[in-house]
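The structure under discussion appears below in the form of structure tokens.
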Amino acid sequence: PENPLNDDSLAVRQEAGIMLFAAEELGNYRATWALPGDRGERAVLFIDLQKPIAGDLHDLTIKFYLIGFGAALAVIFLALLGTRTLKRPLRQVEEAMTAIDRRRHGFRLKVPEGQEFAEAYRKVNRALVRLEQLDSVQRSAVQRRNALANELKTISRFLDVLAHEIKNPLHALGINVDVLKTKIQREKPRADILKHAKILERELEHLQEVVQGFLNFVRPGVPQKERTQLNSVVREVIQLAGPEAQKRKIKVEARLAKSLRHVTLDPRQMQQALHNVLINAVHASYDGGKIVVRTWQKGNRVLVSVKDEGMGMSKADLKKVFELYYTTKKGGTGLGLPITKRLVEANGGELQVESAQGKGTTVTMMFRTR
Ligand SMILES: Nc1ncnc2c1ncn2[C@@H]1O[C@H](COP(=O)(O)OP(=O)(O)OP(=O)(O)O)[C@@H](O)[C@H]1O
Ligand SMILES: [Mg+2]
């Protein structure tokens with residue numbers, strides 16, 4: 001067969017040893033192998049791919065290019081169309097966002113006639129209306145809160161002054177009533193005169209408690225924190241509450257953890273807080289009842305609980321125990337637990353009250369050891 005290869009291509013082939021070459025002739029394909037011989041001569045092998053195989057290959061190639069080109073055109077067309085149709089809504093959305101950001105009320109998108117985006121535009125406009133309403137509500141809430149805060153500040157300053165102004169005369173009254181009572185007693189008075197003097201004394205004491213309690217609540221004092229062993233605080237408080245418990249034959253049992261880690265807090269404030277809780281437990285207990293004060297370690301927390309087996313509280317009453325002046329006791333101020341909660345939280349702790357009516361109450365304080 002005829003050799004279609006020129007000399008240049010032969011030189012390349014000799015070096016390579018074996019090569020493939022395909023030439024297209026009138027839609028046919030010819031594959032050629034050139035094999036170098038021992039003495040420089042060449043053996044050349046042709047394989048002609050005749051139609052239909054070559055023809056089909058040719059058609060496929062054309063089809064491939066046509067489809068490729070068509071797809072590319074379609075992509076370009078769609079991209080152009082896309083940018084044209086999407087650019088406008090995107091710009092509008094951006095404007096809406098800016099309006100929201102700058103709190104420019106009244107901004108609305110112009111809804112295009114009969115376009116597929118019209119519904120989306122309307123939705124954005126509805127969202128803008130909702131946002132404006134929320135914004136107005138928030139603004140008036142902030143204004144109301146500020147006004148309320150100012151009013152509260154005035155009231156609390158007034159109450160502060162009032163409490164101080166009442167405290168001093170009360171103190172003087174107390175001393176004078178005490179002196180009077182002592183003098184009356186010396187004169188061997190009638191029973192009813194002594195009774196009136198005692199009522200005066202008791203009511204004055206109550207007033208003093210209320211005023212002092214209020215002052216403690218509004219001005220609990222900055223905690224003087226130090227490394228504290230809560231077991232020692234518990235022992236002191238049990239001793240302090242001892243007489244009150246013994247009067248009604250209530251047993252206060254201490255179950256203290258052997259190696260309780262120290263916590264950083266104000267021991268005097270904790271003593272006050274724990275005393276409030278223990279006295280409440282005594283008040284709630286039945287005569288001859290039992291109160292258990294427990295301390296324990298749980299991970300990086302130290303816990304103290306006061307558990308009584310007294311009258312307990314209903315769920316509704318339990319919700320009210322931290323309300324200022326909530327009391328069910330004759331002569332109670334209703335300040336004990338609010339002050340306790342304040343003190344515990346000021347010292348980085350948490351306070352929890354659990355209660356079941358007729359079964360008893362457990363008050364738990366938790367502090368981190370860090
Ligand atoms: N351990 C308890 N068991 C049952 N009820 C309790 C207990 N502790 C508190 N309460 C209820 O919560 C109320 C509020 O307690 P809080 O200590 O704040 O005030 P108070 O004891 O009434 O008066 P005070 O100011 O003298 O402490 C009590 O009146 C009582 O009804
Ligand atoms: Mg109390």
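The values are calculated or read from the model by the stated rules, or taken from the named source; none is laboratory data. On a predicted model such as this, the values are computed, not experimentally measured, just so you know. Heads up, the Cβs are rebuilt from the backbone with ideal geometry, glycines too, and the neighbour counts pull from every protein chain shown.
Table: residues versus (1) hydroxyl-bearing (Ser, Thr, Tyr); (2) assigned by TED's automatic domain parsing to the domain that holds Leu180; (3) under 37 Å from the mean Cα position of the chain (by Cα).
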position	(1), (2), (3)
Arg190	no, yes, no
Leu204	no, yes, no
Gly213	no, yes, yes
Val306	no, no, yes
Residue match in region 242-260 (condition: assigned to a helix (DSSP H, G or I), assigned by TED's automatic domain parsing to the domain that holds Ala163, surrounded by fewer than 20 Cβ atoms within 10 Å (Cβ to Cβ) and of a type in the set (Gly, Ala, Ser)): no
Of residues in region 319-339 being assigned to a helix (DSSP H, G or I) and within 8 Å of ligand 2 (Cβ to nearest atom), the one farthest from Glu201 (Cα to Cα): Leu337
Within region 353-365, tally of residues that are of a type outside the set (Ser, Thr, Tyr) and either surrounded by 16 or more Cβ atoms within 10 Å (Cβ to Cβ) or near ligand 1 (Cβ under 6 Å from one of its atoms) (or both): 4
Condition check for Asp135: touching a Lys or Arg at 6+ places or on another chain (Cβ under 7 Å) and either at pLDDT 85 or above or charged (D, E, K, R) (or both): yes
Qualifying positions in region 334-352 - in contact with a Phe, Trp or Tyr (Cβ under 8 Å, 6 or more places away or on another chain) and either on the phi > 0 side of the Ramachandran plot or within 10 Å of ligand 1 (Cβ to nearest atom) (or both): Gly334, Leu335, Leu337, Pro338, Ile339, Lys341, Gly348
Condition broken by Gly331, with the remaining ones in (1) in contact (Cβ under 8 Å) with a residue 60 or more places away in the chain; (2) surrounded by fewer than 16 Cβ atoms within 10 Å (Cβ to Cβ); (3) away from ligand 1 (no atom under 13 Å from the Cβ) satisfied: (3)
